[in-house]
Amino acid sequence: MKGRLEGSSVILGPDGLALHEQGGFGRMERGGLRLAPEEALYLVHRQKLEVEGHSFDRLLSALADRPGLFRSYLVYRDIRERGYAVQPGLGHYRLFRRGERPGTGRSRLLVRVLSERDLVDFEVIRTEVETSDHMRKDHVLAVVDDEGELTYYGVKMTDLAAISTPSAYPVIDGHLLGSTVILKDAIPAEVRESWFGTPLDEERLILSPVETLYLMHRGGLSLSGGAGPLSPEEYLESALPSDSELAEKASVYADLRDHGYIPRTGYKFGHHFRVYARDKTHSDLLVHAVPPGQTLSVSVISRSVRLAHSVKKKMLFACVHPSGIRYIEFGRMKL
């Protein structure tokens with residue numbers, strides 16, 4: 001079968017209908033079939049198509065002006081080799097169930113291609129995942145590393161179900177030491193049983209800044225400074241110089257607590273929180289707070305997901321917005 005290069009597409013005559021109907025390649029237009037660059041490269045490499053005046057290498061060079069083309073081709077080829085029909089779109093691929101193709105089935109995945117050095121903008125990812133959800137499709141990131149190896153990540157918005165109602169805490173006085181707070185003198189059972197703080201000894205608990213802010217906002221903790229009682233806002237301002245991420249962490253901590261979860265520091269895992277549900281012997285989640293506008297490299301996300309998987313936890317990135325906290329879950333997947 002023969003075609004001709006026209007701009008960044010390859011055009012086949014009416015005989016291209018067979019490729020479209022049997023394999024779901026291209027888009028039928030008046031007078032023929034238009035192939036996307038990845039489709040043309042794949043068919044030429046598989047020796048199912050000849051493009052006038054172009055070998056595979058020459059065609060690849062002719063199409064190289066499109067940013068990321070070779071990376072996209074590697075993903076397209078991998079998906080095709082796994083037996084799926086795939087339809088190129090604007091910045092993504094639509095992947096169909098095995099045995100289905102465009103026109104006879106419904107695509108089930110939207111696949112976006114990235115390199116290992118790309119930055120992930122969480123606002124963009126959130127929008128893309130929500131768009132995929134509205135289209136009733138799963139969102140997938142296909143990451144191509146510097147050696148051409150592929151890794152697929154499923155990405156989804158996660159709504160944390162409330163597992164209990166927030167407790168009410170009696171007011172207790174805290175003793176401020178820098179940004180650290182120590183509780184002593186008849187610590188209420190509600191505070192101990194809710195797993196706040198770290199015991200210093202049998203009589204004292206050390207509260208982290210996020211725990212301090214949460215209890216202050218919930219009316220369960222009173223602090224005094226040199227000029228009298230401190231408000232939560234005043235405490236936050238005094239603690240920010242030692243932790244520039246405190247505001248975002250405190251917002252996520254409060255949201256997790258209000259849903260009935262128990263967040264503890266995730267420092268040993270390289271993240272803000274390890275999170276317990278009903279079982280206090282094994283944490284279920286790793287959660288990292290993401291302020292508006294922050295980006296992370298794909299390699300950082302990859303390390304996070306691999307670590308979470310190795311310790312049998314889910315990896316959530318908590319995006320902080322004025323309208324609330326949105327949780328995005330990343331997980332490795334096999335097609």
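Remarks
- Asp284 being in contact with a Lys or Arg (Cβ under 7 Å, 6 or more places away or on another chain) and charged (D, E, K, R): yes
- Gln87 fulfils the conditions (1) touching a Leu at 6+ places or on another chain (Cβ under 7 Å); (2) modelled with pLDDT under 95 except for a single criterion, (1).
- Flag for Leu95 being buried (at least 20 other Cβ atoms within 10 Å of the Cβ), within 16 Å of the chain's Cα centre (by Cα) and closer than 28 Å to His45 by Cα: no
- In the range 286-335, the residues that are surrounded by 20 or more Cβ atoms within 10 Å (Cβ to Cβ) and in contact with a Pro (Cβ under 9 Å, 6 or more places away or on another chain): Val287, Cys319, Val320
- Within the set Gly148, Gly220, Gly228, the sole residue that is touching a Phe, Trp or Tyr at 6+ places or on another chain (Cβ under 6 Å), more than 26 Å from Phe317 (Cα to Cα) and not acidic (Asp, Glu) turns out to be Gly220.
- Qualifying residues in the range 231-285 (those that are assigned to a loop (DSSP other than H, G, I, E, B) and touching a residue at least 60 places away in the same chain (Cβ under 8 Å)) - the one farthest from Lys312 (Cα to Cα): Asp243
Residues checked against (1) modelled with pLDDT of 90 or more; (2) among the hydrophobic types (A, V, I, L, M, F, W, C); (3) part of a loop (DSSP other than H, G, I, E, B); (4) in the same structural domain as Gly3 (by TED's automatic domain parsing):
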| residue | (1), (2), (3), (4) |
| --- | --- |
| Gly16 | no, no, no, yes |
| Arg34 | yes, no, no, yes |
| Ala64 | no, yes, yes, yes |
| Tyr73 | yes, no, no, yes |
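- For beta carbons closer than 8 Å, sequence separation of 6+ or different chains, a first residue in the range 29-40 that is within 16 Å of Gly91 (Cβ to Cβ) and a second that is surrounded by 17 or more Cβ atoms within 10 Å (Cβ to Cβ) and among the acidic types (Asp, Glu), there are no qualifying pairs.
- Of all residues in the range 229-260 being at pLDDT 95 or above and among the hydroxyl-bearing types (Ser, Thr, Tyr), the one that is nearest to Ser283 (Cα to Cα): Tyr253
- Within the range 36-62, if we keep just the residues that are of a type in the set (D, E, K, R) and either in a strand (DSSP E or B) or surrounded by 22 or more Cβ atoms within 10 Å (Cβ to Cβ) (or both), the residue that is nearest to the chain's Cα centre (by Cα) turns out to be Glu38.
- The listed residue being outside any strand (DSSP E or B), of a type in the set (Asp, Glu) and surrounded by fewer than 17 Cβ atoms within 10 Å (Cβ to Cβ), out of Asp173, Asp146: Asp146
- When restricted to residues that are in a strand (DSSP E or B) and either touching an Asp or Glu at 6+ places or on another chain (Cβ under 7 Å) or not β-branched (Val, Ile, Thr) (or both), the range 75-100 contains 6.
- Hey, Asp185 surrounded by fewer than 16 Cβ atoms within 10 Å (Cβ to Cβ) and more than 35 Å from the chain's Cα centre (by Cα) or not: yes
The values are calculated or read from the model by the stated rules, or taken from the named source; none is laboratory data. Computed from a predicted model, the values in this text were never measured in an experiment. In this analysis, Cβ positions are derived from the backbone assuming ideal geometry, glycine residues included, and neighbour counts consider all displayed protein chains.
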